[in-house]
1. For the range 73-195, with every protein chain kept in place, what is the accessible area per residue (1.4 Å probe, Å²)?
2. Can you tell me which of 161-170, 123-132 comes out highest on packing, and rank the rest after it, using the mean Cβ neighbours within 10 Å?
3. Sorted by packing (mean other beta-carbon atoms within 10 Å per residue), highest first, where do 147-156, 101-110 land?
4. For the range 103-133 and the range 134-195, what is the separation of their C-alpha centers, rounded to whole Å?
5. For the range 151-191, state the average projected area of the convex hull of the C-alpha atoms over all orientations, rounded to one decimal in nm².
6. Report, as a whole number in µm² per second, the diffusion coefficient that Stokes-Einstein gives for the range 111-191 at 10 °C and 1.306 mPa s using the Kirkwood radius over alpha carbon pairs.
Amino acid sequence: MSLNLDREKPAWVAVSVAIAVALLAVACAPTPVDEAPWKGGSVEVVTAAPDAGGPLSFRNCPTAAEAAALGVIRGEPDANAVPFKNMLLSCTYDLGGLDRQGAPARMTILVFDAAEDGVHLWDSVLGDPAFPNPFDVPGLGDRALATGTPGSYDLWVVKGKYGFHMLHTSAAGISMEQMTALAQATLAGLERPPR
């Protein structure tokens, strides 16, 4: 038996294309990431969507007036309430200066669902070399800790069913008192009804 490949060429081409497409789809499929969602590369950047149907919305971010306690924030937040993994909300503010790379400096507050982990939500930060010098911050939420060095602190807070990570890129630095004041405004914002 002999095959007439010229006559059967369209069928072979179709089968070859289908196999190639299937292999490409498998190769390009996202692989599960087994790391904390706040760590580099695992937080998805999505277009701002203030009311995405999640439990929070842009109304839960500190307003410009509330954020004024920081003393360096300019304007209302750029908010994103598209749930991603256990992140429910991000609030980003312009700080009016530049970061160490010459880009606009930003303050970001990433809010996570803490219902499952409670006060242990940020335990993985302890001992992580990416977040040096951890210390407790008393009187802020159910549990709070800071990492970093003076002027370059990250703040990690849990209260009730939410936890948030606050970080900034200001080359000029931001004091712990300013970070704590914004954290208090964030806690108040998380208590507001989202709609």
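1. Numbers: 5630 Å² over 123 residues.
Per residue, the range 73-195 has 46 Å² of solvent-accessible surface.
2. The packing order, highest mean first, is 161-170, 123-132.
3. Working: 147-156: 18.0, 101-110: 16.2.
Highest to lowest by the protection proxy: 147-156, 101-110.
4. Cα centroid of the range 103-133 versus Cα centroid of the range 134-195: 9 Å apart.
5. On the way: hull surface 10.8 nm².
Mean orientational projected area (the range 151-191, Cα hull): 2.7 nm².
6. On the way: Rh = 12.7 Å.
The calculation lands on 125 µm²/s.
The values are calculated or read from the model by the stated rules, or taken from the named source; none is laboratory data. A quick note: this is a predicted structure, and the numbers were derived from the prediction, not measured. Ideal geometry is used to build each Cβ from the backbone, glycine not excepted, and the neighbour counts take in all protein chains shown. Protein only, heavy atoms only, side chains kept; ligands, DNA and RNA dropped before computing areas. Shrake-Rupley method; radii C 1.70, N 1.55, O 1.52, S 1.80 Å.
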